[in-house]
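Worksheet: the structure to be examined is printed underneath.
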Amino acid sequence: MRIVTGALVFDVEDPNTPRILLLQRSANDSMHNQWEFPGGGCDDEDESILHAVARELWEESGLQANHISGPVGDPHFFTSRSGAKIWKFSFAVQAKTPPEGRLMARLDPTKHQRFVWASLAEVMAKKVANIELDFTTLELVATILQAFDHLEHK
């Protein structure tokens, strides 16, 4: 069994319209061109699951975790396409704001091809401006919606 993590990062520059970071998977990767939030597997070198969340956020978006809140929603158990048994834990993460003042993702093009910051309305419409959001799984969308709820009741 493998443990994976997810980082639910919000840009709250406009507190009336928080936006969540979404990444589009590379055209050459599995689930190509679909949207997800940053995350990935826990490595043997990770000191804890929270360390894995922070590391994956950095590796996938170039953002540094400033604070990690408790888990969002229940862990999600599933079997990968390769047959691996996976437990996914997702956490609300506050990213460090860089000196220039705007949260900007830096992507590894072998993993992700672009990013968007999406409001709750945009997630529900599955569209940001002219970009269609084809999410990887229904469970991922449910977790995103729980993250917005978590943010609102924080």
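What do you reckon, is Phe148 part of a strand (DSSP E or B), touching a helix residue (DSSP H, G or I) at 6+ places or on another chain (Cβ under 7 Å) and either in contact (Cβ under 8 Å) with a residue 24 or more places away in the chain or of a type in the set (Phe, Trp, Tyr) (or both)?
No; evaluated as a whole, the condition is false for this residue.
For Arg102, only one of the following conditions fails: (1) on the phi > 0 side of the Ramachandran plot; (2) more than 13 Å from the chain's Cα centre (by Cα). What is its number?
(1)
Which numbered condition in (1) at pLDDT below 95; (2) crowded, with 16+ Cβ neighbours inside 10 Å; (3) not aliphatic (A, V, I, L, M) is the only one that Pro98 fails?
The single condition Pro98 does not satisfy is (2).
Which residue is surrounded by the fewest Cβ atoms within 10 Å (Cβ to Cβ), if the candidates are limited to the range 110-121 and must be in contact (Cβ under 8 Å) with a residue 12 or more places away in the chain and outside any strand (DSSP E or B)?
Initial filter on the range 110-121 (in contact (Cβ under 8 Å) with a residue 12 or more places away in the chain): 110-120.
Retained after the next criterion (residues that are outside any strand (DSSP E or B)): 110-111, 119-120.
Details: Thr110: 9, Lys111: 15, Ser119: 17, Leu120: 18.
The extreme case among them is Thr110.
Looking for something in contact with a Lys or Arg (Cβ under 8 Å, 6 or more places away or on another chain) and at positive phi - is there at least one such residue anywhere in the range 63-78?
Step one: filter the range 63-78 for residues in contact with a Lys or Arg (Cβ under 8 Å, 6 or more places away or on another chain), giving 63-66, 69, 75-78.
Then keep just the ones that are at positive phi; that gives none.
The answer is no, given that none of the residues of the range 63-78 is in contact with a Lys or Arg (Cβ under 8 Å, 6 or more places away or on another chain) and at positive phi.
Evaluate the following for Leu107: is it outside any strand (DSSP E or B) and in contact with an Asp or Glu (Cβ under 6 Å, 6 or more places away or on another chain)?
no
Could you tell me which residue of the range 131-145 is nearest to Phe78 (Cα to Cα), considering only residues that are assigned to a strand (DSSP E or B) and not aromatic (Phe, Trp, Tyr)?
Glu132
Residue-wise test of (1) under 15 Å from Thr143 (Cβ atoms); (2) not basic (Lys, Arg).
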position: Leu23; (1), (2): yes, yes
position: Asn33; (1), (2): no, yes
position: Arg55; (1), (2): no, no
position: Pro75; (1), (2): yes, yes
position: Phe78; (1), (2): yes, yes
position: Ile86; (1), (2): yes, yes
position: Ser90; (1), (2): yes, yes
position: Thr110; (1), (2): no, yes
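Could you tell me which of the residues Asp44, Asp11 is at pLDDT below 95, in contact with a Leu (Cβ under 8 Å, 6 or more places away or on another chain), on the phi < 0 side of the Ramachandran plot and not small (Gly, Ala, Ser)?
The match here is Asp11.
The values are calculated or read from the model by the stated rules, or taken from the named source; none is laboratory data. Model, not experiment: these values are computed from the prediction. Here the Cβ is made from the backbone with ideal geometry for all residues, glycine too, and neighbour counts use every protein chain on show.
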